[in-house]
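The values are calculated or read from the model by the stated rules, or taken from the named source; none is laboratory data. All figures in this text were calculated on a predicted structure; none of them were measured in a lab. Positions of Cβ are generated from backbone atoms using ideal geometry, with glycine treated the same way; all protein chains shown enter the neighbour counts. For accessibility, only protein heavy atoms count, side chains too; no ligands or nucleic acids. Shrake-Rupley method; radii C 1.70, N 1.55, O 1.52, S 1.80 Å.
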Amino acid sequence: MKDAARIAAFVSLLACGGAFAQDYPARPVTVIVPFSGGSASDVIARIVLERMAQSIGQRFVVDNRPAAGGTVGTAAAAKAAPDGYTLVMGASGPLAVNKILLPDLGYDPEKDFEPISMYASLPNIVVVSSKLPARTLAEFVDYVRKNPNLPYGSVGNGSSQHLAGAYFEQLVGAKMTHVPYRVTAQLQSDLVSGQVPASFQLLPNVIGHIKSGAVRPLAVASAKRLSALPDVPTAAEAGVKGFESAAWFAFLAPRGTPQSVVARLYREIAAAMADPAVRARFAEFGAEPFATTPEELARLISADLAKWRGIIARGGISVDP
């Protein structure tokens, strides 16, 4: 009931938000995506924005600013004019993890933005090389306990894959060795060859190797199974309860953006995420569609900060010097 009341309140704001909201947007809207063009995060953001452009009647112009794990582009958005014409594609890294790992971001994720909506989540997937004997998550847990310091690869220190691996170690009581890569293709190659036989990957990075049989998915670190991998159990189903880890994506605006504009954008995102065509394209990338209210997104950011702060501290995790 509370969620329904919140949604009704935002729809009401849209209906009576005044002339500014009625005229918005009167020109194209810039959306800063703090990751490289063609990356999974960039592609799924564009899928949503294309659908929003069709219904809202204005273009959303993507401005890719990939640097420092997404912090550079996110910081630029925080300093933009709060008029609704600059938004940011926020993500769990720049909005939660980096706040813990980096002493001076140049922005405060909880104070410098108006949350609009989380629209996607990409759960981490426990994957192993087909050369590893483990065929189930239970067998993998047993294997890593009996073979301490088994290496697992990620795309870098502090990445969602690194943190998922550290969280997994803590939950199952095993010691593994993190191997960070700067080039994703090299990580994939070493995973397939068995040189680094395990990883906690996002589906777009490994879907081809899963289909070929070179990489074996053991479990999904989410509350429900992925529609793209319906036969792969969740970690809880496979015996590791509480193991939930994902890269999530959301749209936010600079603090001070009119609430009537936030309400309009939330409505457009919700409509896009209800579109079967959008949901089908998300499934191709292993992305789970969402349309949280602004209030729910604010709570998610705060909850993620609290969750990962403890995991990072226990794991002694730091970013690249």
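Just a few scattered comments:
- Residue within region 39-52 that is out of contact with any Asp or Glu (no Cβ under 8 Å at 6 or more places or on another chain) and hydroxyl-bearing (Ser, Thr, Tyr) present: yes
- Qualifying strands (runs of 3 or more DSSP E) (wholly inside region 135-219; at least 3 residues being open to solvent by 30 Å² or more (accessible area, probe 1.4 Å)): 176-180
- Selection within region 259-268 - touching a Pro at 6+ places or on another chain (Cβ under 9 Å) and either open to solvent by 10 Å² or more (accessible area, probe 1.4 Å) or in a loop (DSSP other than H, G, I, E, B) (or both): Gln259, Arg264, Tyr266
- Checked against (1) open to solvent by 20 Å² or more (accessible area, probe 1.4 Å); (2) outside any loop (DSSP other than H, G, I, E, B); (3) more than 28 Å from Gly256 (Cβ to Cβ); (4) not acidic (Asp, Glu), Leu122 passes all but condition (1).
One line per residue, one yes/no per condition, for (1) among the β-branched types (Val, Ile, Thr); (2) in contact (Cβ under 8 Å) with a residue 40 or more places away in the chain; (3) open to solvent by 30 Å² or more (accessible area, probe 1.4 Å); (4) farther than 27 Å from Phe282 by Cβ:
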{"position": "Ala80", "(1), (2), (3), (4)": "no, yes, no, yes"}
{"position": "Leu87", "(1), (2), (3), (4)": "no, yes, no, no"}
{"position": "Gly90", "(1), (2), (3), (4)": "no, yes, no, no"}
{"position": "Leu95", "(1), (2), (3), (4)": "no, yes, no, no"}
{"position": "Gly106", "(1), (2), (3), (4)": "no, no, yes, yes"}
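- The single condition from (1) out of contact with any Pro (no Cβ under 6 Å at 6 or more places or on another chain); (2) within 18 Å of Val240 (Cα to Cα); (3) among the charged types (D, E, K, R) that Asp190 fails is (2).
- Here Ala271 fulfils each of the conditions (1) among the hydrophobic types (A, V, I, L, M, F, W, C); (2) modelled with pLDDT of 95 or more; (3) crowded, with 20+ Cβ neighbours inside 10 Å; (4) in a helix (DSSP H, G or I) apart from (3).
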